[in-house]
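The values are calculated or read from the model by the stated rules, or taken from the named source; none is laboratory data. Quick caveat: nothing in here was measured; it's all calculated off a predicted structure. Here the Cβ positions follow ideal geometry from the backbone for every residue, glycine too, while neighbour counts run over all protein chains shown. The area values use the complete protein model at the heavy-atom level, side chains included, leaving out ligands, DNA and RNA. Shrake-Rupley method; radii C 1.70, N 1.55, O 1.52, S 1.80 Å.
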Amino acid sequence: MNWDRIEKIVIVGGGMAGWAAASCISNALRGQLIEIIVLDDHPDHQARIEASLPITQAFHQRLGINEQQLMRETAASFSLGTQFNDWIAPGHHYFQPIAAHGASIEFVMFHQYAIKARLAGDKAPFNHYSLCAMSAQKDKFVHPGIDPESILSTLLYAHHLDAGRYVRFMRAYASANGVAGLDATVIKTDVHPGNGFINSVGLDNGDVMKADLFIDCSGQNAVLAGTAMNTEFG
């Protein structure tokens, strides 16, 4: 164990979180002699549709990932918000747009003006003041504009994508940066008795893996916490 320099990183748990973390770290540490290994206990990720967040656009841009290629590889579509059906009562529908409604005027939030207009008799649905909501209603999409004076600059969007294909895409990206993947499950953790740091993890194949830094991307399973502290996460 090297306490002065990180030379080996082990990420526990593959999936979207694990391989995204591996991609980000390997990109940031590109050119440095640091070994990165992902312990992926579910190598055959089932196809399911996941919704991303607008911030993921910046994440992918930081990694130099082309959006068109990403969408082709993951069977993605554009998302402008979320449709809620039967939310308040049967037959009730509401669309929650990603971007804000309207725009602030002289530091006053737009919903304050909308409330005042409603009290004055305005009957327009609140989503009529949302570019995302109206674009989705009409099945229209355009990338956000860069001119702050244009209403298109207020547009935000995300993606709906195939999670299994996204995992494979990010795994290929990380692997190209030197990240190694190991199909294994952590079954026990060796913790330093003095400082509580993790020395190594025991795998279901009988191997023991040491590292200078362990990152838990196992989601709600909290594998490292569960095996290190012998407790359940929840």
**Request:** Kindly report, to the nearest 10 Å², the accessible surface of Asp207 as traced by a 1.4 Å probe over protein heavy atoms only.
**Result:** 80
**Asked** Under a point spin-label approximation (7 Å from Cα along Cα-to-Cβ), what is the Glu35-His93 distance to one decimal in nm?
**Response** 5.6
**Prompt:** Roughly how many percent of the accessible protein surface of segment 87-234 is carbon and sulfur, given a 1.4 Å probe and a whole-percent answer?
**Reply:** 58
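List the trypsin sites (Lys or Arg not before Pro) in segment 83-167 that DSSP assigns to loop (not H, G, I, E or B) and whose Cβ has at most 11 other Cβ atoms within 10 Å. Which are they?
Working: sites: Lys116, Arg118, Lys123, Lys138, Lys140, Arg165; in loops: Lys123, Lys138, Lys140.
Within segment 83-167, the qualifying trypsin sites (Lys or Arg not before Pro) (loop, at most 11 other Cβ atoms within 10 Å) are Lys123, Lys138, Lys140.
Longest span of the chain, sites excluded, free of chymotrypsin sites (Phe, Trp or Tyr not before Pro) in DSSP loop with at most 16 other C-beta atoms within 10 Å?
On the way: sites that count: Trp3, Trp87, Phe107, Phe141, Phe197, Phe233.
The segment 4-86 is the longest one with no such site.
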**Request:** Check cross-link reach from Lys8 to the aspartates and glutamates: straight Cα distance under 13 Å, and skip same-chain residues fewer than eight apart.
**Result:** Glu35, Asp212
**Prompt:** What shape does segment 41-153 have by the C-alpha gyration tensor, where a ≥ b ≥ c are the square roots of the eigenvalues, rounded means a/c under 1.5, and otherwise prolate means a/b greater than b/c and oblate the rest?
**Reply:** oblate
**Complete:** Rounded to whole Å², per residue accessible area for the chain with a 1.4 Å probe reads 62
**Asked** When the helix-only estimate is applied to the chain (DSSP H runs of n ≥ 4, each -39,500 (n - 2.57), divided by the residue count), what is the mean residue ellipticity at 222 nm, nearest 500 deg cm²/dmol?
**Response** -8500 deg cm²/dmol
**Message:** Tell me the label only: which of (i) 7, 24, 25, 20, 15, 8, 1, 0; (ii) 8, 32, 37, 19, 4, 0; (iii) 7, 25, 26, 21, 12, 5, 3, 1, 0 is P(r) over Cα pairs in 10 Å bins from 0, in percent as calculated from this structure?
**Reply:** (i)
**Prompt:** In segment 16-65, which trypsin sites (Lys or Arg not before Pro) are in a loop and have at most 13 other Cβ atoms within 10 Å, using DSSP for the loop call?
**Reply:** Arg30, Arg48
